[in-house]
Each structure stands twice: as structure tokens, then as C-alpha cells.
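Quick notes on the structure that follows.
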Amino acid sequence: MTTFYPLSVKDIRRETADCVSVAFAVPEALQGTFAFTQGQYITLRTQLEGEEVRRSYSLCVSPLDNELRVAIKEVPGGRFSTFANQQLQIGDLVEVLPPEGRFFTPLDAKQAKHYVAFAAGSGITPVFSIMKTILETEPHSRFTLFYGNQRTETIIFREAIEALKNIYLQRLSVYYLLSKEHTGSDLFSGRIDRNRCRTFTEKLIPVSNVDEFFLCGPEEMTLSVRDELRAQGVAREKIHLELFGTNTGKRKKKEHTTIDSDYAAEVSIQLDGNAFSFLMTDPNESVLDAALRNGADLPFACKGGVCCTCRAKVEEGKADMDVNYALEPDEVAAGFILTCQAHPTTDKLVVNFDA
């Protein structure tokens, strides 16, 4: 689960002024290890100025392409994204964790479904993988994409999307929305939000005609579209979402002041068949951070409650989470937690990463 593999950079492609896609060479012996499902992501790890940096990026190709490629958009102040866009070179080695994630739905060539996606900015990366795979795998299904960007020149994968449109003329519909450039239509000028989603479902795609929705982008967009779809009666299981960045860094986390000053919790971690224990004395520290501070090598990436890399099951005791964007309600009910967001609320907590 925690094994990183050093992979060499095979190709770097400039997608937009502030985004590159990076392909990795996967040795024959690791082809099975790095097999993936459309919509999944990989976690990259490297050393920058003597400090370990990890970031998760969605695979932006179809599994049918026989390529391991991610798109990395440069974020102001982003250490890894700036490094990837400005310094990374072909031949460089990057440590890579095998594909993970559940932002997908099972495909079947016999299915005839209508899929709809709402994406914004770099949120297109897993959506493009999903869209291309569906169109190639399910010849009777169709796909509608609403894709928001600031300007025409910032549209990631525009040429690739247009190429797909030319191939699947009758089965792929694409609507571009631009927030800082007028498209000639008020309907498609601006950001994707709840009101615009409602307009689209009223005028273009009645929710009753859609089998599954995929939402990926900034937190505000993704959650507002989800809320509108749920308000219109779309079943939760038909809405798949993935966040690209959240406000968790800006949001004040819960302060666990209800626990007395003598707070102490004995935490036991089970991973890869091994177990180790440590004592937590700070109620505001997460299980993951405390474990790392005590020398554990646990799987993690975003630390924002989004990617699910640090998912584990509580075998004994209880823990509360600050935020949760990755676990489904049935997983929470079954005892799973995101350790990057979890705080023990009992004297003893046993957490199993192998569950």
C-alpha cells in the first residue's frame, strides 16, 4: 500500500501556458502494478530543497491508451506544480504510488447510458479519462460535457476534446463556459454554479434523461452542482464527485476542547500485516500527523480529506473527522475514517489500513 516506485519521465507535453502533462515509463514487470481504471489518480513523491513533497494527480488518459500520464497545472505558490512546469525534465526519476481512487463507474459494452460531466479547470483531467474510455468501451452510450475555464487559451485538452467530438459526432456533446471571456452567449459566459446547473437541466439535459453524473473541479463548483442535482431528485449513487482543491486550508478546523487537559489516547496502527502503537496527547492533532511524527510510513497525499489515500478502518474505539469529502456514507457507517482528518475520542483507538 505504501510502496513508491521510481519511474522515469518519458514525455512532457505543454498543454497550456500553465499546464503540462507528464508521462512515465513503466517497466514491463510493473505493468500490472500500474494498471488503472478510468478516473483514478497516482501520488507522486520527490525531494524539493531537502524536503519530501507529495501530490496526487489524476490520470488524464484512458486505460486503453497503454500510457501512464497526468496533467499538472501550475498553482501560484505550489511547490510541486511549479517544479513540474518549470524544472522537471525527460529522464528524471519521480517516486510514484500505484493508481488509486474510486471516481468511476463500471463499464459494459452492452450498456446504453447517458453520462453527464461538469468540470472546471484542471478538473477535466479525470473526466477526460472517463469520457474517452466510455466512448471507446460503450458504443451505445453518449456523453455530455460542461467544461468551465477562464479563457479559451486556458482550456486544457481542447484539441483532444475536439478530436473526440469529430470521432463521436452523434454521441459526444461539449459545452464550454468561460468566466473571463464572452462566448457570445450569456448562458455560457460565467462560472458553473448552482443556478447555471439548474438552467442546463431545464433547457438542455433533463435529469430524468441522465444515468450518471461526474463532477470535478473546485470545491464551491462541485458541491453546488451536487446540491442542485440532489434537490432535483437525482439519487446520491448516480452522482460521482471529486474535488480539485478545497478550502480546508483556510477553514478553521474543529477545536477539540471538550476533551479535558489530561487528554491521552493510545493509538495502534495496523499496516501491511504489522502493528505499532504510540500515545497521542494533543486533541487537535490528526491520527495521521501523530503517526508520522512517531516515525510511521503511512499512505497519504492531500491531507485535506479529499483523496482517500489515508483511508483506514477503526477496529476499536472511536474517532471524529474534521471534514470528509472522500468517504461514502456506508463506509463511514462501517467504521472507515480519513486518518488525516481523524481525532481519537476514546482512550484507545485501533486503526487498520489493511481493512
| query | Mind checking the dipole of segment 5-100: about its Cα centre, +1 per Lys or Arg Cβ, -1 per Asp or Glu Cβ, Debye to the nearest 20? | reply | 140 debye
| message | Explain nothing, just the number: relative contact order of the chain, from Cα pairs under 8 Å at least 6 residues apart, as a whole percent. | response | 13 percent
| What are the residues whose amide H is under 5 Å from the amide H of Leu172, where those residues sit 5 or more places off or on another chain and H is modelled from the backbone? | Phe143
| Sparse-neighbour loop sites [GluC sites (Glu not before Pro); segment 1-60; at most 15 other C-beta within 10 Å; DSSP] | Glu49
| In segment 265-352, what percentage of the DSSP-assigned beta bridges are antiparallel, given to the nearest 5? | 75 percent
| Which label in [x] 35, 25, 20; [y] 39, 26, 19; [z] 31, 23, 21 gives the computed semi-axes √(5λ) of the Cα gyration tensor in Å | [x]
| message | Please give me, ordered by residue number, the trypsin sites (Lys or Arg not before Pro) of segment 77-186 that lie in loop per DSSP and have at most 12 other Cβ atoms within 10 Å. | response | Lys110, Arg151, Lys180
| What's the percent breakdown of Cα-Cα distances in segment 1-98 across 10 Å bins, shortest bin first? | 16, 54, 28, 3
| query | With θ set to phi - 60° and the Karplus curve 6.51 cos²θ - 1.76 cosθ + 1.60, what are the ³J(HN,Hα) couplings of segment 141-158 in order, to the nearest whole Hz, using x for Gly and Pro? | reply | 9, 10, 9, 10, 10, 10, 10, x, 8, 6, 9, 4, 6, 9, 6, 6, 6, 4
| note | Residues whose built amide H sits under 5 Å from the amide H of Ala319, excluding neighbours closer than 5 in sequence, are Thr345
| said: Using only Cα atoms and rounding to the nearest 10 degrees, what angle (0 to 90) does helix 219-231 make with the longest principal axis of the chain? | reply: 70 degrees
| field | Three-way shape label, segment 53-105, alpha-carbon gyration tensor, a/c 1.5 | value | prolate
| request: Starting from the Cα of Asp330, step 7 Å along the direction of its Cβ; do the same at Gln31; then give the gap between the two resulting points in nm. | output: 3.4 nm
| request: Lys and Arg at +1, Asp and Glu at -1: add these up for the other residues within a Cβ distance under 12 Å of Ala296 and post the number. | output: -2
| message | Show log10 I(q)/I(0) for segment 68-144 at q = 0.11, 0.16 Å⁻¹, two decimals, from a solvent-free Debye sum over equal Cα scatterers. | response | -0.42, -0.76
| query | Say each of Asp193 and Gln111 gets a label point 7 Å from the Cα, pointing the same way as Cα to Cβ; how far apart are those two points in nm? | reply | 3.3 nm
| Which whole-Hz ³J(HN,Hα) couplings does segment 171-181 yield from phi under the Karplus relation 6.51 cos²θ - 1.76 cosθ + 1.60, θ = phi - 60°, glycine and proline marked x? | 10, 10, 10, 10, 10, 8, 10, 10, 8, 10, 8
| request: Please label the shape of segment 114-243 as rounded, prolate or oblate, based on the square roots a ≥ b ≥ c of the eigenvalues of the alpha-carbon gyration tensor (a/c under 1.5 means rounded; beyond that, a/b larger than b/c means prolate, else oblate). | output: rounded
| task | Please determine, in degrees from 0 to 90 and to the nearest 10, the orientation of helix 194-203 with respect to the longest principal axis defined by the Cα atoms of the chain, where the helix direction is its Cα long axis. | result | 40 degrees
| Nitroxide proxy distance, nm - points 7 Å out along Cα→Cβ at Lys165 and Ser208 | 2.9 nm
| query | To the nearest 500 deg cm²/dmol, what mean residue ellipticity at 222 nm is calculated for the chain from DSSP H runs of n ≥ 4 alone, each contributing -39,500 (n - 2.57), summed and divided by the residues? | reply | -5500 deg cm²/dmol
| field | Dipole of the chain, positive direction: furthest Cα of Asn294, Gly32, Phe278, with charges on the beta-carbon | value | Gly32
| query | What size of dipole, in debye to the nearest 20, comes out for the chain about its Cα centre when the only charges are +1 on Lys and Arg C-beta atoms and -1 on Asp and Glu C-beta atoms? | reply | 1280 debye
| Relative contact order (%) - criterion: Cα under 8 Å, at least six apart; region: segment 5-100 | 38 percent
| query | Mind checking the angle between helix 124-137 and the chain's longest principal axis? C-alpha axes, 0 to 90 degrees, to the nearest 10. | reply | 60 degrees
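Bear in mind that the values in this text are calculations on the coordinates, not laboratory data. From a predicted model like this one, the values you see are computed outputs, not experimental measurements. Virtual Cβ from ideal backbone geometry, glycine too; neighbours counted across all protein chains shown.
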